[in-house]
Amino acid sequence: MIKINLLPHREERRKQLKKDFYSLLLFSAIVGALIVILVGAYYSQQLNVQNERTEYIKRENKKLDDKIKEVADLKQEIDALKARQQAVEDLQGDRNQPVFLLNELVRLTPEGVYLKALKQEGQRVTLNGYAQSQDRVAEFIRNLSSQSEWMYKPDLKDIHSTGIGQGRDAKKVSDFTIDVAIKRPREKDEANSASASTAKGKK
């Protein structure tokens, strides 16, 4: 005998599958939302940590900038103090400069040369005088250039013939003007030290 089930089981099955599908879909959506929230929270935390690190680095950089500025200010103050100290030392050393300069001129002025004026402006001296001939002037310039410890770079500014005296005593002479640089005592000492070091190196 054949039994026939007339209940709508297929329709019930489809409804159950549909219900299960929607339940699974809802569950997946909930799980996906939780994952998104968790990932977002993680990256938000990492971003906050990174922001804190960035702020820390900015604060430390500002501190370093302030320290660098303090060091730069100190360096400027030290340089200014050194400059003032050097100026004082130069003034003290320059007090004896005219004595050394006059001694040098006495030693280096050849016969036949007569100095009538000497003018100093800063570290340059202008010498004006008479010479028996232009050769005497050239000798004087050579002496200033090669034999002086205090004077260097002599520059002949003017030379011309002129007459001095009257009547039978009148003479033709060369009137000259020489501009020469002079060293400060510390510059002379530095030059001497450099020459000594060069001499030792050659040995």
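The values are calculated or read from the model by the stated rules, or taken from the named source; none is laboratory data. Remember, it's a predicted structure, so these values are computed and weren't measured experimentally. Cβ atoms come from the backbone with ideal geometry, glycine included; neighbour counts cover every protein chain shown.
A few notes on this one:
- Looking only at segment 121-154, and only at residues there that are touching a residue at least 24 places away in the same chain (Cβ under 8 Å) and out of contact with any strand residue (DSSP E or B) (no Cβ under 7 Å at 6 or more places or on another chain), the one that is farthest from K172 (Cα to Cα): E149
- Some residue of segment 88-109 being closer than 17 Å to I178 by Cα and of a type in the set (V, I, T): yes
- Considering residues of segment 149-169 that are surrounded by 10 or more Cβ atoms within 10 Å (Cβ to Cβ) and not in a strand (DSSP E or B) only, the residue farthest from the chain's Cα centre (by Cα): G165
- Residues that are modelled with pLDDT of 80 or more, surrounded by 10 or more Cβ atoms within 10 Å (Cβ to Cβ) and not in a helix (DSSP H, G or I), drawn from segment 61-115: T109, P110, G112, V113, Y114, L115
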